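Heads up, the thing below is written out as structure tokens.
The values are calculated or read from the model by the stated rules, or taken from the named source; none is laboratory data. What you are looking at is a predicted structure, and each value in this text was computed from that prediction instead of being measured. All Cβ positions, even for glycine, are placed from backbone atoms using ideal geometry, and neighbour counts span all protein chains on display.
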Amino acid sequence: MMEINNIFNFDKSKIEQNTEKFLDLFTNDKFRIEQIISRGNCPSQEMMIQNWNEIVFLLKGSAIIEIAGKNYELNEGDNLLIEANTPHRVISTDNTDKNNSITIWLAVHYD
């Protein structure tokens, strides 16, 4: 039976301030779709390098991502391709309201 899920419907109280929650929405042998919820400012301390391509869609909030030494500012509705083996990290996420700021991402990972 088909199930309808809403990526904007979640319990914010289960996500600690300045942390992120990752949830796989769909996975098969070709690609993976992941929901990422950032509560408050969630910078990455280390650069990430992945063996797969990743398209990130910023659905709510804002963020700054560093990719291969260049910063990109993302706002609601923006998307960005991060090619495989490219160093990247999150510099900051929306923290305009210290108690309620939420950034919602959708990430598609594929070869």
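Residue-by-condition table, conditions (1) touching a residue at least 24 places away in the same chain (Cβ under 8 Å); (2) within 13 Å of the chain's Cα centre (by Cα); (3) surrounded by 12 or more Cβ atoms within 10 Å (Cβ to Cβ):
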| site | (1), (2), (3) |
| --- | --- |
| Glu83 | yes, no, yes |
| His88 | yes, yes, yes |
| Asp97 | no, no, no |
| Trp105 | yes, yes, yes |
| Val108 | yes, yes, yes |
Next item on the list: Name every residue in region 61-75 that is loosely packed, with under 12 Cβ neighbours inside 10 Å and on the phi > 0 side of the Ramachandran plot, in order of residue number.
Entry: Ala68, Gly69
Note to self: Any residue that is at pLDDT below 95, basic (Lys, Arg) and within 26 Å of Ile4 (Cα to Cα) - is there at least one of those in region 80-99?
What the structure shows: no
Next item on the list: Return yes when Glu46 is closer than 21 Å to Ile91 by Cα, in contact with a Leu (Cβ under 8 Å, 6 or more places away or on another chain) and either loosely packed, with under 14 Cβ neighbours inside 10 Å or modelled with pLDDT of 95 or more (or both) and no when it is not.
Entry: no
